[in-house]
1. Working carefully through the options 143, 130, 105, find the one that is over 22 Å from residue 63 (Cα atoms) and away from ligand 1 (no atom under 14 Å from the Cβ).
2. Restricting to the stretch 74-96, give me the number of residues that are under 16 Å from the mean Cα position of the chain (by Cα) and either within 17 Å of residue 165 (Cα to Cα) or surrounded by 22 or more Cβ atoms within 10 Å (Cβ to Cβ) (or both).
3. What is the number of the single condition among (1) modelled with pLDDT under 95; (2) surrounded by 16 or more Cβ atoms within 10 Å (Cβ to Cβ); (3) not aromatic (Phe, Trp, Tyr); (4) not in a strand (DSSP E or B) that residue 59 does not meet?
4. Name the pairs whose Cβ atoms lie under 9 Å apart, with the first residue in the stretch 118-129 and on the phi > 0 side of the Ramachandran plot, the second not hydrophobic (A, V, I, L, M, F, W, C), and 6 or more positions between them or separate chains?
5. Out of (1) crowded, with 21+ Cβ neighbours inside 10 Å; (2) at pLDDT below 95, the odd one out for residue 167 is which?
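The values are calculated or read from the model by the stated rules, or taken from the named source; none is laboratory data. Keep in mind that what you see is a predicted model, and the values were worked out from it rather than measured. Ideal geometry is used to build each Cβ from the backbone, glycine not excepted, and the neighbour counts take in all protein chains shown.
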Amino acid sequence: MKKWIFASAATAIMLAGCGMQTGEEEMKIPVMSEGVTTAMESDLINAKGETIGKVLLTEGNEGTGIRITAEGLEPGVKAIHVHEKGECTPPDFESTGAHLNPEHKQHGFENPKGFHAGDLPNIEVDKEGKVDLETTSKYISLKEGNPGYLLDKDGSAVVVHEGPDDYKTDPAGNSGPRIACAAFNKK
Ligand SMILES: [Cu+2]
Ligand SMILES: [Zn+2]
């Protein structure tokens, strides 16, 4: 399992210039962030409705951890977002609605009018079709009253798309069809 982060082209160049080895740094970070108070796990299902993995959310001091573990995906870079409704109806997962966006912004980390609370960095599925990655977001929360609260009355969903997010095209980064989904709702 590796940490996955968003690094803009400018950041990458800057870090390369300093001779920093960002890849190695990221991997030293422990799996669970310190101070995890709440955790919630949900099955990740594909367009056929089959369970292909899990998504684990952990609320910590540094934000909410999102860990995705799955297999049987097409290899490559794929978009992953938090969508506004916690209902995963295959095959197209249109039931999840748009990206979680309580602040009424546009899509994408590189969009001057962006970004959505539900936007996340792309994941990379390996040659075997597997993925095990964790990132952290300060814009979503499992705690009621916090900005980006996930377990409101219609819940939310973590959705994987067929292609990569370009981080700028509104409303979904030109990332193609929705191929996998994990729903999160208040128990
Ligand atoms: Cu999406
Ligand atoms: Zn978005």
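1. Numbers: 143 fails: over 22 Å from residue 63 (Cα atoms); 105 fails: over 22 Å from residue 63 (Cα atoms).
Only one candidate passes the filter, namely 130.
2. Final tally of qualifying residues: 12.
3. (4) is the only condition that residue 59 fails.
4. Every condition considered, the pairs that remain are 129/71; 129/72; 129/74; 129/75.
5. (2)
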